[in-house]
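Taking it in order: structure first as C-alpha coordinates, then the write-up.
The values are calculated or read from the model by the stated rules, or taken from the named source; none is laboratory data. Values in this document were obtained by computation on a predicted structure and should not be read as measured data. Glycine gets a Cβ as well: all are built from the backbone with ideal geometry, and neighbour counts include every protein chain shown. All accessible areas refer to the heavy atoms of the entire protein, side chains included, with ligands and DNA or RNA removed. Shrake-Rupley method; radii C 1.70, N 1.55, O 1.52, S 1.80 Å.
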Amino acid sequence: MRNTQPSFSCEFFPPKSEEGAARLRATWQALKAMQPSYFSVTFGAGGSTQERTFTTVAEIQRDSGIEAAPHLSCIGSTRAQIRAILEDYKAQGIRRIVALRGDLPSGMRDPGELRYANELVEFIREVTGDWFHIEVAAYPEIHPQAPSAKADLENFARKVRAGADAAITQYFYNVDAYFRFMDDCERMGLDIPVIPGIMPITNYTQLARFSDACGAEIPRWLRKRLEGFGDDAESIRAYGLDVVGEMCEDLLAGGAPGLHFYTMNQVEPSLSLWQRVAHTRPDMEL
Ligand code: FAD
(Lines give C-alpha, C1' and ligand atoms only; values in the text may rest on other atoms or scores of the structure.)
Protein backbone atom coordinates (compact mmCIF):
# COMPACT_ATOMS: atom_id res chain seq x y z
CA MET A 1 0.00 0.00 0.00
CA ARG A 2 1.27 3.47 -0.87
CA ASN A 3 1.23 6.06 1.88
CA THR A 4 1.59 9.34 0.00
CA GLN A 5 -1.42 11.27 -1.26
CA PRO A 6 -2.59 10.29 -4.74
CA SER A 7 -2.10 12.81 -7.55
CA PHE A 8 -4.89 13.76 -9.93
CA SER A 9 -4.76 15.22 -13.43
CA CYS A 10 -7.30 16.10 -16.10
CA GLU A 11 -7.14 15.81 -19.86
CA PHE A 12 -8.92 18.11 -22.33
CA PHE A 13 -9.15 18.26 -26.09
CA PRO A 14 -8.72 21.63 -27.81
CA PRO A 15 -12.10 23.28 -28.47
CA LYS A 16 -13.21 23.88 -32.05
CA SER A 17 -14.93 27.26 -31.59
CA GLU A 18 -15.06 30.34 -29.39
CA GLU A 19 -18.11 28.92 -27.57
CA GLY A 20 -16.20 25.68 -26.99
CA ALA A 21 -13.27 27.68 -25.62
CA ALA A 22 -15.56 29.51 -23.19
CA ARG A 23 -17.09 26.20 -22.07
CA LEU A 24 -13.63 24.69 -21.57
CA ARG A 25 -12.59 27.71 -19.48
CA ALA A 26 -15.60 27.09 -17.19
CA THR A 27 -14.71 23.37 -17.11
CA TRP A 28 -11.13 23.83 -15.95
CA GLN A 29 -12.22 26.45 -13.44
CA ALA A 30 -14.61 23.94 -11.88
CA LEU A 31 -12.09 21.08 -12.02
CA LYS A 32 -9.55 23.08 -10.02
CA ALA A 33 -11.58 21.82 -7.04
CA MET A 34 -9.71 18.50 -7.30
CA GLN A 35 -6.37 20.28 -6.83
CA PRO A 36 -4.94 18.62 -9.93
CA SER A 37 -1.20 18.38 -10.50
CA TYR A 38 -1.72 19.45 -14.11
CA PHE A 39 -4.20 19.90 -16.94
CA SER A 40 -3.17 18.21 -20.19
CA VAL A 41 -4.31 19.11 -23.72
CA THR A 42 -4.38 16.61 -26.59
CA PHE A 43 -2.68 17.18 -29.94
CA GLY A 44 -3.68 15.87 -33.38
CA ALA A 45 -0.93 14.41 -35.56
CA GLY A 46 -0.33 16.35 -38.77
CA GLY A 47 -3.54 18.33 -38.63
CA SER A 48 -5.00 21.81 -38.68
CA THR A 49 -6.14 21.38 -35.06
CA GLN A 50 -2.59 21.82 -33.76
CA GLU A 51 -2.92 25.59 -33.50
CA ARG A 52 -5.87 25.11 -31.11
CA THR A 53 -3.71 22.94 -28.88
CA PHE A 54 -1.13 25.74 -28.70
CA THR A 55 -3.67 28.43 -27.79
CA THR A 56 -5.45 26.21 -25.22
CA VAL A 57 -2.15 25.26 -23.56
CA ALA A 58 -1.02 28.91 -23.46
CA GLU A 59 -4.31 29.99 -21.86
CA ILE A 60 -4.27 27.26 -19.21
CA GLN A 61 -0.63 27.91 -18.37
CA ARG A 62 -1.24 31.68 -18.13
CA ASP A 63 -4.64 31.86 -16.46
CA SER A 64 -5.52 28.70 -14.54
CA GLY A 65 -2.92 28.59 -11.79
CA ILE A 66 -2.48 24.90 -12.68
CA GLU A 67 0.44 23.57 -14.71
CA ALA A 68 -0.41 22.95 -18.39
CA ALA A 69 0.96 19.77 -19.98
CA PRO A 70 0.70 19.69 -23.78
CA HIS A 71 0.50 16.35 -25.54
CA LEU A 72 2.99 16.16 -28.39
CA SER A 73 2.82 13.44 -31.04
CA CYS A 74 5.67 12.90 -33.48
CA ILE A 75 4.20 10.91 -36.35
CA GLY A 76 4.13 12.88 -39.60
CA SER A 77 6.49 15.57 -38.29
CA THR A 78 10.08 16.54 -38.93
CA ARG A 79 12.67 16.99 -36.20
CA ALA A 80 12.77 20.72 -37.03
CA GLN A 81 9.00 21.04 -36.45
CA ILE A 82 9.18 19.22 -33.11
CA ARG A 83 12.19 21.27 -32.04
CA ALA A 84 10.32 24.53 -32.79
CA ILE A 85 7.33 23.39 -30.70
CA LEU A 86 9.57 22.37 -27.80
CA GLU A 87 11.37 25.72 -27.88
CA ASP A 88 8.10 27.58 -27.89
CA TYR A 89 6.78 25.60 -24.90
CA LYS A 90 10.05 26.13 -23.06
CA ALA A 91 9.80 29.89 -23.65
CA GLN A 92 6.30 29.83 -22.10
CA GLY A 93 7.67 28.15 -18.97
CA ILE A 94 5.97 24.82 -19.64
CA ARG A 95 7.79 22.02 -17.81
CA ARG A 96 5.71 18.95 -18.56
CA ILE A 97 4.92 17.14 -21.82
CA VAL A 98 2.95 14.02 -22.71
CA ALA A 99 5.06 12.44 -25.49
CA LEU A 100 3.27 10.19 -28.00
CA ARG A 101 3.65 8.67 -31.40
CA GLY A 102 0.08 9.56 -32.40
CA ASP A 103 -1.83 8.07 -35.32
CA LEU A 104 -1.54 9.27 -38.91
CA PRO A 105 -4.78 10.87 -40.14
CA SER A 106 -6.35 8.84 -42.98
CA GLY A 107 -4.86 9.87 -46.30
CA MET A 108 -1.53 10.86 -44.77
CA ARG A 109 1.22 8.41 -45.65
CA ASP A 110 4.56 9.88 -44.59
CA PRO A 111 5.42 8.81 -41.02
CA GLY A 112 7.90 11.66 -40.69
CA GLU A 113 11.33 11.57 -39.07
CA LEU A 114 10.43 10.14 -35.65
CA ARG A 115 8.46 6.92 -36.04
CA TYR A 116 7.82 5.81 -32.47
CA ALA A 117 7.30 7.51 -29.12
CA ASN A 118 10.64 6.24 -27.75
CA GLU A 119 12.38 8.18 -30.55
CA LEU A 120 10.42 11.29 -29.58
CA VAL A 121 11.39 10.94 -25.91
CA GLU A 122 15.03 10.53 -26.95
CA PHE A 123 14.79 13.62 -29.15
CA ILE A 124 13.17 15.73 -26.40
CA ARG A 125 15.99 14.78 -24.03
CA GLU A 126 18.60 15.52 -26.73
CA VAL A 127 17.19 18.99 -27.47
CA THR A 128 16.00 20.15 -24.05
CA GLY A 129 17.86 17.97 -21.53
CA ASP A 130 15.95 17.64 -18.27
CA TRP A 131 13.76 20.71 -18.81
CA PHE A 132 10.57 18.70 -19.34
CA HIS A 133 8.94 16.13 -17.11
CA ILE A 134 7.95 13.57 -19.75
CA GLU A 135 4.89 11.34 -19.53
CA VAL A 136 4.37 8.53 -22.04
CA ALA A 137 1.45 6.23 -22.83
CA ALA A 138 1.11 2.73 -21.36
CA TYR A 139 -1.29 -0.02 -22.43
CA PRO A 140 -2.31 -2.52 -19.73
CA GLU A 141 -4.60 -4.17 -22.32
CA ILE A 142 -1.91 -4.05 -25.06
CA HIS A 143 -1.69 -1.47 -27.86
CA PRO A 144 -3.87 -2.66 -30.80
CA GLN A 145 -0.97 -2.60 -33.29
CA ALA A 146 1.49 -4.50 -31.08
CA PRO A 147 2.33 -7.97 -32.42
CA SER A 148 2.35 -9.41 -28.88
CA ALA A 149 2.06 -8.42 -25.23
CA LYS A 150 5.80 -9.04 -24.86
CA ALA A 151 6.69 -6.77 -27.80
CA ASP A 152 4.45 -4.03 -26.38
CA LEU A 153 6.08 -4.27 -22.98
CA GLU A 154 9.52 -4.09 -24.60
CA ASN A 155 8.37 -0.96 -26.36
CA PHE A 156 7.24 0.51 -23.06
CA ALA A 157 10.68 -0.30 -21.62
CA ARG A 158 12.31 1.54 -24.56
CA LYS A 159 10.29 4.65 -23.72
CA VAL A 160 11.28 4.48 -20.08
CA ARG A 161 14.95 3.95 -20.94
CA ALA A 162 14.83 6.86 -23.39
CA GLY A 163 14.01 9.14 -20.46
CA ALA A 164 10.28 9.07 -19.62
CA ASP A 165 9.57 10.15 -16.04
CA ALA A 166 6.05 8.71 -15.73
CA ALA A 167 3.28 7.10 -17.77
CA ILE A 168 -0.47 7.43 -18.19
CA THR A 169 -2.43 4.38 -19.25
CA GLN A 170 -4.98 3.99 -21.95
CA TYR A 171 -8.34 3.66 -20.19
CA PHE A 172 -9.52 0.23 -19.15
CA TYR A 173 -12.31 -1.36 -17.11
CA ASN A 174 -10.35 -4.47 -16.04
CA VAL A 175 -8.50 -3.53 -12.88
CA ASP A 176 -6.48 -6.76 -13.03
CA ALA A 177 -4.97 -5.71 -16.36
CA TYR A 178 -3.41 -2.70 -14.61
CA PHE A 179 -2.00 -4.67 -11.69
CA ARG A 180 -0.64 -7.39 -14.04
CA PHE A 181 1.02 -4.67 -16.11
CA MET A 182 2.59 -3.23 -12.95
CA ASP A 183 3.90 -6.70 -12.02
CA ASP A 184 5.46 -7.01 -15.49
CA CYS A 185 7.06 -3.56 -15.12
CA GLU A 186 8.48 -4.52 -11.75
CA ARG A 187 9.95 -7.72 -13.18
CA MET A 188 11.64 -5.65 -15.90
CA GLY A 189 12.97 -3.12 -13.41
CA LEU A 190 10.76 -0.30 -14.76
CA ASP A 191 9.92 1.74 -11.71
CA ILE A 192 8.39 4.97 -13.04
CA PRO A 193 4.91 5.90 -11.76
CA VAL A 194 2.17 4.58 -14.06
CA ILE A 195 -1.05 6.54 -13.59
CA PRO A 196 -4.29 4.83 -14.62
CA GLY A 197 -6.23 6.80 -17.23
CA ILE A 198 -9.88 6.94 -16.20
CA MET A 199 -12.69 7.28 -18.72
CA PRO A 200 -15.99 8.13 -17.01
CA ILE A 201 -19.00 6.37 -18.51
CA THR A 202 -21.61 8.81 -19.76
CA ASN A 203 -22.63 7.76 -23.25
CA TYR A 204 -22.53 4.06 -24.14
CA THR A 205 -22.63 4.38 -27.95
CA GLN A 206 -19.75 6.84 -27.99
CA LEU A 207 -17.76 4.76 -25.50
CA ALA A 208 -18.22 1.58 -27.55
CA ARG A 209 -16.99 3.38 -30.70
CA PHE A 210 -13.91 4.83 -28.94
CA SER A 211 -13.09 1.53 -27.30
CA ASP A 212 -13.14 -0.37 -30.60
CA ALA A 213 -10.75 2.15 -32.10
CA CYS A 214 -8.23 2.27 -29.27
CA GLY A 215 -8.29 -1.37 -28.14
CA ALA A 216 -9.83 -0.77 -24.70
CA GLU A 217 -12.06 -3.65 -23.68
CA ILE A 218 -15.51 -3.11 -22.23
CA PRO A 219 -16.10 -6.38 -20.35
CA ARG A 220 -19.17 -8.32 -21.48
CA TRP A 221 -21.02 -7.93 -18.18
CA LEU A 222 -20.54 -4.15 -18.31
CA ARG A 223 -21.51 -3.92 -21.98
CA LYS A 224 -24.68 -5.89 -21.35
CA ARG A 225 -25.66 -3.78 -18.35
CA LEU A 226 -25.04 -0.53 -20.24
CA GLU A 227 -26.89 -1.76 -23.35
CA GLY A 228 -29.79 -2.69 -21.08
CA PHE A 229 -30.31 0.96 -20.15
CA GLY A 230 -31.10 1.86 -23.79
CA ASP A 231 -31.52 5.63 -24.14
CA ASP A 232 -31.83 6.19 -20.40
CA ALA A 233 -28.81 8.53 -20.09
CA GLU A 234 -29.38 9.19 -16.41
CA SER A 235 -29.22 5.49 -15.50
CA ILE A 236 -26.10 5.01 -17.65
CA ARG A 237 -24.39 7.86 -15.80
CA ALA A 238 -25.42 6.60 -12.38
CA TYR A 239 -24.34 3.04 -13.12
CA GLY A 240 -21.11 4.28 -14.73
CA LEU A 241 -20.31 6.39 -11.67
CA ASP A 242 -20.81 3.39 -9.45
CA VAL A 243 -18.68 0.99 -11.52
CA VAL A 244 -15.87 3.42 -12.38
CA GLY A 245 -15.92 4.92 -8.86
CA GLU A 246 -15.35 1.50 -7.33
CA MET A 247 -12.60 0.86 -9.85
CA CYS A 248 -10.86 4.14 -8.88
CA GLU A 249 -11.04 3.18 -5.21
CA ASP A 250 -9.61 -0.29 -5.92
CA LEU A 251 -6.80 1.14 -8.02
CA LEU A 252 -5.70 3.61 -5.34
CA ALA A 253 -6.11 1.06 -2.55
CA GLY A 254 -3.94 -1.34 -4.57
CA GLY A 255 -1.13 1.18 -4.88
CA ALA A 256 -1.83 3.23 -8.04
CA PRO A 257 -0.04 6.55 -7.57
CA GLY A 258 -2.92 8.71 -8.83
CA LEU A 259 -5.64 9.01 -11.46
CA HIS A 260 -5.69 10.82 -14.82
CA PHE A 261 -9.22 11.73 -15.91
CA TYR A 262 -10.19 11.75 -19.59
CA THR A 263 -12.69 14.53 -18.96
CA MET A 264 -14.05 14.88 -22.53
CA ASN A 265 -14.18 18.58 -21.57
CA GLN A 266 -16.99 17.95 -19.08
CA VAL A 267 -16.99 18.78 -15.39
CA GLU A 268 -19.52 16.55 -13.75
CA PRO A 269 -18.40 12.98 -14.63
CA SER A 270 -14.77 13.45 -13.51
CA LEU A 271 -15.59 15.65 -10.53
CA SER A 272 -18.19 13.15 -9.24
CA LEU A 273 -15.63 10.33 -9.47
CA TRP A 274 -13.03 12.40 -7.65
CA GLN A 275 -15.55 13.35 -4.92
CA ARG A 276 -16.50 9.74 -4.47
CA VAL A 277 -12.84 8.74 -4.08
CA ALA A 278 -12.13 11.66 -1.73
CA HIS A 279 -15.01 10.63 0.56
CA THR A 280 -13.44 7.22 1.09
CA ARG A 281 -9.94 8.49 1.88
CA PRO A 282 -9.08 10.20 5.16
CA ASP A 283 -5.87 11.57 3.57
CA MET A 284 -7.77 13.69 1.01
CA GLU A 285 -9.44 17.06 1.59
CA LEU A 286 -12.75 17.76 -0.12
P1 FAD B 1 4.34 4.02 -29.36
O2 FAD B 1 4.80 3.85 -27.97
O3 FAD B 1 5.34 4.47 -30.37
O4 FAD B 1 3.75 2.59 -29.81
C5 FAD B 1 2.94 2.47 -30.97
C6 FAD B 1 2.92 1.04 -31.47
O7 FAD B 1 4.15 0.72 -32.08
C8 FAD B 1 2.73 -0.01 -30.37
O9 FAD B 1 1.97 -1.06 -30.92
C10 FAD B 1 4.12 -0.46 -30.06
O11 FAD B 1 4.17 -1.76 -29.49
C12 FAD B 1 4.77 -0.39 -31.44
N13 FAD B 1 6.21 -0.07 -31.43
C14 FAD B 1 6.83 0.87 -30.70
N15 FAD B 1 8.15 0.92 -30.98
C16 FAD B 1 8.33 0.02 -31.95
C17 FAD B 1 9.47 -0.37 -32.72
N18 FAD B 1 10.68 0.18 -32.52
N19 FAD B 1 9.31 -1.34 -33.67
C20 FAD B 1 8.10 -1.91 -33.90
N21 FAD B 1 6.98 -1.56 -33.19
C22 FAD B 1 7.11 -0.61 -32.25
N23 FAD B 1 -3.12 10.44 -29.78
C24 FAD B 1 -3.06 11.64 -30.38
O25 FAD B 1 -3.05 11.70 -31.63
N26 FAD B 1 -3.04 12.81 -29.65
C27 FAD B 1 -3.02 12.81 -28.31
O28 FAD B 1 -2.98 13.87 -27.68
C29 FAD B 1 -3.05 11.55 -27.63
N30 FAD B 1 -3.01 11.48 -26.28
C31 FAD B 1 -2.94 10.25 -25.67
C32 FAD B 1 -2.79 10.20 -24.28
C33 FAD B 1 -2.71 8.97 -23.62
C34 FAD B 1 -2.53 8.95 -22.13
C35 FAD B 1 -2.80 7.76 -24.37
C36 FAD B 1 -2.75 6.43 -23.68
C37 FAD B 1 -2.95 7.81 -25.75
C38 FAD B 1 -3.00 9.04 -26.41
N39 FAD B 1 -3.11 9.13 -27.79
C40 FAD B 1 -3.09 10.36 -28.42
C41 FAD B 1 -3.23 7.91 -28.61
C42 FAD B 1 -1.86 7.43 -29.11
O43 FAD B 1 -1.28 8.39 -29.95
C44 FAD B 1 -2.11 6.13 -29.87
O45 FAD B 1 -2.48 5.12 -28.97
C46 FAD B 1 -0.99 5.70 -30.79
O47 FAD B 1 -1.48 4.65 -31.62
C48 FAD B 1 0.25 5.17 -30.07
O49 FAD B 1 0.97 6.14 -29.45
P50 FAD B 1 2.16 5.75 -28.45
O51 FAD B 1 2.80 7.00 -28.02
O52 FAD B 1 1.67 4.83 -27.42
O53 FAD B 1 3.10 4.96 -29.50
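Rolled with a 1.4 Å probe across the full set of protein chains, the surface gives residue 279 an accessible area near 140 Å². Computed on protein heavy atoms with a 1.4 Å probe, the accessible areas place 150, 32, 159, 16 in the order 16, 150, 32, 159, largest first.
Can you tell me how the stretch 138-286 classifies by the Cα gyration tensor, rounded, prolate or oblate, using a/c under 1.5 as the rounded cut? Cα axes put the stretch 138-286 in the oblate bin.
Per residue, the accessible area of the chain comes to 48 Å², computed with a 1.4 Å probe over protein heavy atoms only.
Projecting label points 7 angstrom from Cα along Cα→Cβ for residue 186 and residue 275 puts them 3.5 nm apart.
Rounded to the nearest 500 deg cm²/dmol, what is the calculated helix-only ellipticity per residue at 222 nm for the chain, with -39500 (n - 2.57) per DSSP H run of length n ≥ 4? Calculated from helices alone, the mean residue ellipticity at 222 nm is -15000 deg cm²/dmol. Of the solvent-accessible surface of the chain, computed with a 1.4 Å probe over protein heavy atoms with every protein chain present, carbon and sulfur atoms account for 48 percent. Over all orientations, the stretch 183-264 has a Cα convex hull whose mean projected area works out to 6.2 square nanometres. So what does log10 I(q)/I(0) come out to for the stretch 31-141 at q = 0.14 Å⁻¹, using the Debye formula with one equal point on every Cα and no solvent? Normalising to I(0) and taking log10 leaves -0.55. What would the Debye formula give as log10 I(q)/I(0) at q = 0.14 Å⁻¹ for the alpha-carbon point model of the stretch 83-172, no solvent? Rounded to two decimals, the profile gives -0.53.
With bins 10 Å wide beginning at 0, the percent of Cα pairs of the chain falling in each bin runs 6, 28, 37, 24, 4, 0. Less than 5 angstrom separates the built amide H of residue 41 from those of 12, 69, 71, all sequence-distant by 5 or more or on a different chain. The simple spin-label model puts a point 7 Å past each Cα toward its Cβ; for residue 225 and residue 109 those points are separated by 4.8 nm. Cross-link partners of residue 90 among lysines, defined as those whose alpha carbon lies under 26 angstrom from its own and excluding same-chain residues fewer than eight positions apart: 16, 32, 159. Extension gain for the segment residue 80 to residue 30, taken as residue separation times 0.36 nm less the Cα-Cα distance, is 14.3 nm to one decimal. Could you tell me how far the Cα centroid of the stretch 16-65 sits from the Cα centroid of the stretch 204-235, in Å? That distance is 27 Å.
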